[in-house]
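One structure is given here, and the rest of the page talks about it.
All of the numbers you see were taken from the coordinates with simple rules; none came from a lab. All values derive from a computational prediction rather than experimental measurement. Virtual Cβ from ideal backbone geometry, glycine too; neighbours counted across all protein chains shown.
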Amino acid sequence: MRAGLPVLPQLFQTHEVGSISDAASFLGLDLRQYILASEEAAGTTGEAAFTPILAVGSNAAPQVIQCVLEDFDVVYTPYLSSYGSCTATLEHSPGTKVEVFITYLNRELEERMHRTEGGYNLCQINSLKLHAGASLHQHSGSMLLDSVRLYNHALGNLKLAVGSDESCVALTEVAAANRAFPALTQTEMLGKLKSSLQPDADSELDEWVLNLIEDKAVRQGYLKSLAEMHLPFSYKETEVMIPNVGASRDLSTGAIHKRKKLRAF
């Protein structure tokens, strides 16, 4: 580790640093350099600078690192959010390569993220081929990771007939190679759900979505129906660390680490 490089707790106490990008910029390092320095610091101090969490849906914000994950795809969940979207989760798909992201969170931001993930389990998935810093078109210079945390929907993924067979449905908007599942855009998925959940509705799609946003009882009724249309997450190398993490009253990172100490990448 570079001489004099502050470990993260010190950096947060003395400077306005809230993300891994902020920390790297402050120290004059690129993201990959800072991740490696953080790993080295964790090895000597026992304290991880940031927790890496896989981002596959709306938490894939700008302060992240693009990755390619082999043998998985990003699919729809049996859940409609309070803002009218069918949410996303991960599913095992041998042979597929999908572009995802890793977000690196400090303790405060990790706990804040937990509170937003109602209906999702905080999991650790292992035995992966996750290429950090890569895209489907560029793997050069990436780091290969074999485990990561993520939020995966507690019910798994949505089973829906697209064509003649029922299966998982991938998100068209998420780039993938050798995709095995049928894919729909968000608008197409909402149209499918409207036809399935309320086949006699004569409203336009925009009106239907607005109604489920504004009427909690209507949305809850749809969610009960969707819960019967789920397939459980099929990847076996998975540890559920906190079930339904958004509803948990014990969100301390310390409590999570007591169950299984994880390395920082």
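Expected output is a single nm value to one decimal: the length gained when fully extending between H137 and L205, i.e. 0.36 nm times separation in residues minus the C-alpha distance. What is it? Don't jump to the answer; show the numbers that get you there.
Numbers: separation 68, 0.36 × 68 = 24.48 nm, distance 3.57 nm.
Length gained, H137 through L205: 20.9 nm.
If you take the beta carbon distance between T187 and D215 as r and set R0 to 25 Å, what does 1/(1 + (r/R0)^6) give as a FRET efficiency, to the nearest 0.05? Before the final figure, lay out the partial values.
Numbers: r = 21 Å, r/R0 = 0.83.
Given R0 = 25 Å and the Cβ-Cβ separation, E is 0.75.
How many angstrom separate the Cα center of region 117-171 from the Cα center of region 198-240?
For region 117-171 versus region 198-240, the Cα centre distance is 20 Å.
With label points built 7 Å along Cα→Cβ from the Cα atoms of L223 and N178, find their separation and express it in nm.
The answer from the label model is 3.8 nm.
Pairs K129/K192; K97/K192; K97/K236; K159/K236; K192/K216: which exceed 29 Å Cα-Cα? Walk me through the intermediate numbers first.
Values: K129/K192 33 Å; K97/K192 26 Å; K97/K236 18 Å; K159/K236 19 Å; K192/K216 20 Å.
Violating the 29 Å limit, Cα to Cα: K129/K192.
For region 94-228, how big is the tail of P(r) above 17 Å, as a whole percent of Cα pairs?
Working: 6463 of 9045 pairs.
Of all Cα-Cα distances in region 94-228, 71 percent exceed 17 Å.
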